[in-house]
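Remarks on the structure that follows.
Values quoted throughout were computed directly from the atomic coordinates according to the rules given, and no laboratory measurement underlies them. Computed from a predicted model, the values in this text were never measured in an experiment. Don't worry about glycine lacking a Cβ; one is built from the backbone with ideal geometry, like all the others, and counts go over all protein chains shown.
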Amino acid sequence: MRPLPERGFTLVELLVVIAIIGALAALLLPAVQSARESARRTGCANNMHQLAIAIQLHLEAEQHFPHSWPNGVTSIVWGRSLLPYLEDGALEQQWDDSIDMLEGVNLQVLAQPIAAHKCPTAPSRPTYDYTYRGSVRTYGTSDYKGVEGVLADDPIFARWARKNWVPGVIGREKVRLSQVTDGMSNTVTIVESVGDTSLYGPGSTKVGEIWWHTDGAWAGRNLAGLSPTQHGKRFGIPACSINCTNQYDSPPYSFHPGGAHVMVCDGSAHFLNEQIDVFVLGCLFSYDDGEATQAW
């Protein structure tokens, strides 16, 4: 009796198995990536929520929202004002108010990354180096900005009484809770504006470099504003509102698909669709425009 030959894979069978594995990977990979982004997006909202809680605590303690650069005083910035309410106050305990923010022990504090200031999706570093007056200094970065206001000289805002600058809650002035007449749930305090030391345009395309105090150091001025025609014309986009650029005083910008997170005065997080109406976003960026923004 002749022994049966040993059975093995033929080349065709091996290729079929490889093709099946490849097809399964192609089907599963988007789902895995989607799940990971969903987790990162949740983490981003949670980090912003920590900042929102810190803003609420500051509001209770000081009776006004944190502000930045009043009368050009660069040592007063909203990120610094929140230190007592973040990281268990550890960085606040190290801070020395008797010296300039760019001197001594304060430089060591500025170099510390703060987890609540970082978006897990953003391709950014926790710190970066900046040359100032001939020396290299390290700064902790932030992917979030306080809302400074709206440049309302655009026809989109024609029905507003004020035609120039309409302030937001985190600008140069001390805004008290009683001034937020549009409602806590209809007024944005902080937004995503990621990218740190790089300037990004539509579709997350890197287009240049920007300064440390405008791009995202948590101890920088770090403010966001809305000027639809200005930002739209820069990138050839009419009335751009979200994800047009992460430049200083720009609207929200994120690397999440389809939009960006914002926090409102009542401490809740919202994900704004990048197709949101520019006028609606302008209403959310101001605190006393008198407009109803129920559906957003």
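Quick notes on this one:
- When each of the peptides 251-258, 284-291 is scored by the mean number of other C-beta atoms lying within 10 Å of its residues, the order from highest to lowest reads 251-258, 284-291.
- Mean Cβ neighbour count within 10 Å, used as a protection proxy, ranking 49-60, 13-24, 173-184 highest first: 49-60, 173-184, 13-24
- Relative exposure of V105, V191, judged by other C-beta atoms within 10 Å (fewest first): V105, V191
- This ranking places T127, T141 by how few other beta-carbon atoms lie within 10 Å of each, fewest first, which gives T127, T141.
- Hull volume per residue, based on the alpha-carbon atoms of segment 39-285 and their convex hull, is 120 Å³.
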